[in-house]
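S.K.: Before I ask anything, here is the structure I am working with.
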Amino acid sequence: MLEQIKNEIKKPFYQTNFPNDGQRFVAWFLRNIHNRSEIETKDDITDGPNDKQIDAVYIDNDKGAIYIIQGKFYNGGIDADPLREVLSAWVQIQDLASLQANGNDKIKRKVSEIATAIEDDYEIIFELLTTGNLTDAAKDDLDVFQRKLTEISEANDFSLKYIQ
């Protein structure tokens, strides 16, 4: 599958609109897994300087879900840092005013959409995408993080998906 992704992100849409393979990988995921159009995909990508650990935001009005996406496009072992980035994104979503004040322009565009979706009781789903493998320590951290998020989600609508 990795080779297929590597080949597909060489296509003109990805090469023209996204400056690096990390963004291209997240865009590929949005297009192929979430079935987003090219225009929607470009709008969903928030990666860049001061992205507050949020590489993309996709709001699915049909499913009543907000997808907060963090992608890691590299080979080899992945330690707990990406998990911490997802946790950081979760913290950022808890304070939308701060996110609006301190995020990059792409994030700022998404904050009002996120706020409206939260007001409408949309579920928030954090997706960690990677082409590498989690180390054993990172897997342990993921288990702990998912348990904690499950406890929190009993009062709120949050979930985490690890997608490899």
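S.K.: Stokes-Einstein D for the stretch 27-88 at 4 °C, 1.567 mPa s, Kirkwood Rh over Cα pairs, in µm²/s? Walk me through the intermediate numbers first.
M.R.: Numbers: Rh = 12.6 Å.
Translational diffusion coefficient: 103 µm²/s.
S.K.: Counting Lys and Arg as +1 and Asp and Glu as -1, each charge on the Cβ, what is the dipole of the chain about the Cα centre in debye, to the nearest 20? Provide the component values of the computation, followed by the final result.
M.R.: Values: 19 positive and 30 negative charges, 130 e Å.
With only Lys, Arg, Asp and Glu charged at Cβ, the dipole is about 620 debye.
S.K.: Would you give the gap between the C-alpha center of the stretch 15-30 and the C-alpha center of the stretch 58-91, rounded to a whole Å?
M.R.: After rounding, the separation between the Cα centres reads 15 Å.
S.K.: Of the heavy-atom accessible surface of the chain (probe 1.4 angstrom), what whole percent is carbon and sulfur?
M.R.: Details: 3850 of 8430 Å².
Carbon and sulfur: 46 percent of the exposed surface of the chain.
S.K.: Provide the gained length on full extension for the span residue 60 to residue 37, in nm with one decimal, where the gain is 0.36 nm per separating residue minus the Cα-Cα distance.
M.R.: Values: separation 23, 0.36 × 23 = 8.28 nm, distance 1.30 nm.
Separation in residues times 0.36 nm, less the Cα-Cα distance, equals 7.0 nm.
S.K.: May I ask you to compute the full-extension gain from residue 75 to residue 20, defined as 0.36 nm times their residue separation minus their alpha-carbon distance, rounded to one decimal in nm?
M.R.: Working: separation 55, 0.36 × 55 = 19.80 nm, distance 1.53 nm.
Additional length available on full extension: 18.3 nm.
S.K.: Within the stretch 56-94, whose backbone N sits under 15 Å from a point 7 Å along Cα→Cβ of residue 140?
M.R.: Flagged as within label range: 79-81.
S.K.: Which aspartates and glutamates does residue 106 reach when only Cα atoms under 14 Å apart count, and residues fewer than 8 places away in its own chain are ignored?
M.R.: The qualifying aspartates and glutamates are 40, 43, 44, 47, 51, 55.
S.K.: For the chain, what does the accessible surface come to per residue with a 1.4 Å probe? Please give it in Å². Please list the in-between numbers first.
M.R.: Details: 8430 Å² over 164 residues.
That works out to 51 Å² per residue.
The values are calculated or read from the model by the stated rules, or taken from the named source; none is laboratory data. Please read these numbers as outputs of a predicted model, since none were measured by experiment. All Cβ positions, even for glycine, are placed from backbone atoms using ideal geometry, and neighbour counts span all protein chains on display. Just so you know, the surface numbers come from the protein's heavy atoms only, side chains and all, with ligands and any DNA or RNA stripped out. Shrake-Rupley method; radii C 1.70, N 1.55, O 1.52, S 1.80 Å.
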